[in-house]
Amino acid sequence: MIYYSEMTEPKPSPNGRRKTTMARLVDAGRAEFSRNGFDRAKVQDIAAAAGANVALINRYFGSKRGLFIAVMQREVAEKQTGDLPYPPQPTLEAEARCWFRQRYDADRDARAMLRIVVTEALTNPEIRDDMMAAITDEHESNIGQRLHALQRAGAITDDIEVAELLRMMLLVAFSSAFMEAELLNVPADDTRKLGNHFAESLGARFGAKP
């Protein structure tokens, strides 16, 4: 007997099943790496949480390290792509202020994974190199495009490259989320105030004067 749902709903293609399984493995890998770090993470536990055969980790990602890099790639992609959760701002100070707030909150929420990334980058040269190769230039990201648009509109001076400006913004956001929230236990509101002061400084130095 053929049921109606079987007639109207096509079966997932092999490629679709592969993508779904890979996504589940990345989700499970992120949770396992966040809890236990890279070295103590077990591929058997990751596969079990994903409801997948453990052999698929090697098949789809090459190794546990490959899965870790895939987790990092998705973390970066989620921050780089898609719409920012606030409208474009008319000045560098306003754009930096809004961006810093949402980026700091996102990094702070993911600080367990951030801790693992920093540890592995410092102690494992192979993973560090793989991670750097996996991360695309953020000057092509959503915020990079916003900064380019501001510079074209004359709201950012021409004496600084957007890539350099963005590196400064990323450094402050990263250090605030990790060093202050994770190591120094600075209250979140104080760190957000620091971001506001930083945005003011950027605007004063690189924002075009009316």
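Taken together, the values in this text are just the output of simple stated rules run on the coordinates, not laboratory data. Not measured: the values here are computed from a predicted model. Note: ideal-geometry Cβ built from the backbone for every residue, glycine included; neighbour counts use all protein chains shown.
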Problem set entry | Set of lysines with alpha-carbon distance to Lys79 below 28 Å, sequence-local pairs under 8 removed | Lys19, Lys42, Lys64, Lys193
Seminar exercise, completed: Surrounding charge for Lys64, neighbours by C-beta under 14 angstrom, Lys/Arg +1, Asp/Glu -1, total -1
Seminar exercise, completed: Contour minus Cα-Cα span, Asp159 to Lys42, at 0.36 nm per residue, comes to 37.2 nm
Exercise. If you add up the charges near Ala55, with Lys and Arg at +1 and Asp and Glu at -1, over every other residue whose beta carbon is less than 14 angstrom from its beta carbon, what do you get?
Worked result: +3
For this session: Calculate the dipole size of segment 22-133 relative to its Cα centre from +1 charges on Lys and Arg beta carbons and -1 charges on Asp and Glu beta carbons; express the result in debye to the nearest 20.
Result: 300
Exercise. How big, on average over all directions, is the shadow cast by the Cα convex hull of segment 12-70, in nm²?
Worked result: 3.5
